[in-house]
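No value in this document is a laboratory result; all are computed from the given coordinates. Just so you know, these numbers come straight off a predicted model, no measurement behind them. Here the Cβ positions follow ideal geometry from the backbone for every residue, glycine too, while neighbour counts run over all protein chains shown.
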Amino acid sequence: MTITLTERAAVRVQNFMTNRGKGVGLRISVKTSGCSGMAYSLEFADELDGDEMTFESHGVKLLVDAKSLAYLDGTELDYAKEGLNEGFKFNNPNVKATCGCGESFSV
């Protein structure tokens, strides 16, 4: 089981953490939400939780709880700029459907 970042996403996360002045990594999880059933959650982690799996990609620690890992296995997190929009994009091979707005998914 693994989760990775593209180099572009890793640079963006590292810049955010540098600007914050603290943090050990990026916590990624899945929550029940949205019209398709599940939504991604990203937050900076200031400390490691012993119950989480830790992955490292391009020098960034990724922390994922066991429940979320089942839905995120094989996911690559990218950072993209498209016109005036920019943000993180999940390339998740487990997704079977997404909602029209792209904010939630189902497996």
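Here are some notes:
- Counting DSSP beta bridges with both ends in the stretch 4-106, the antiparallel % (nearest 5): 85
- Within the shell defined by Cβ-Cβ distances under 10 Å, the residues around Pro93 carry a net charge of -2, with Lys and Arg each +1 and Asp and Glu each -1.
- Farthest positive-ward along the stretch 1-45 dipole, Cα basis, beta-carbon charges - from Ile3, Thr18, Gly37: Thr18
- Relative contact order (%) - criterion: Cα under 8 Å, at least six apart; region: the stretch 4-106: 31
- The trypsin sites (Lys or Arg not before Pro) of the stretch 1-61 that meet both conditions, a loop assignment by DSSP and at most 11 other Cβ atoms within 10 Å of the site Cβ, are Lys22.
- Within the chain: Cβ-based charge dipole about Cα centre, in debye rounded to nearest 20 (Lys, Arg +1; Asp, Glu -1): 240
- In loop segments of the stretch 2-80 as defined by DSSP, the GluC sites (Glu not before Pro) with at most 15 further C-beta atoms inside 10 Å of their C-beta are Glu47.
- Maximal additional length on extending the Leu84-Asn15 stretch stands at 22.8 nm, based on 0.36 nm per residue less the C-alpha distance.
- Of the chymotrypsin sites (Phe, Trp or Tyr not before Pro) found in the stretch 22-77, no site is in coil according to DSSP while having at most 16 other Cβ atoms within 10 Å of its Cβ.
- Helix-only arithmetic for the chain: the sum of -39500 (n - 2.57) across DSSP H runs with n ≥ 4, divided by the residue total, places the mean residue ellipticity at 222 nm at -6000 deg cm²/dmol.
- All-pairs alpha carbon distance profile, the chain, 10 Å steps from 0, percent: 15, 47, 33, 5, 0
- Difference of contour (0.36 nm per residue) and Cα-Cα distance, Val95 to Ser33: 20.8 nm
- Partner lysines whose Cα lies under 21 Å from the Cα of Lys31, excluding those fewer than 8 positions away in the same chain, are identified as Lys61, Lys67, Lys89, Lys96.
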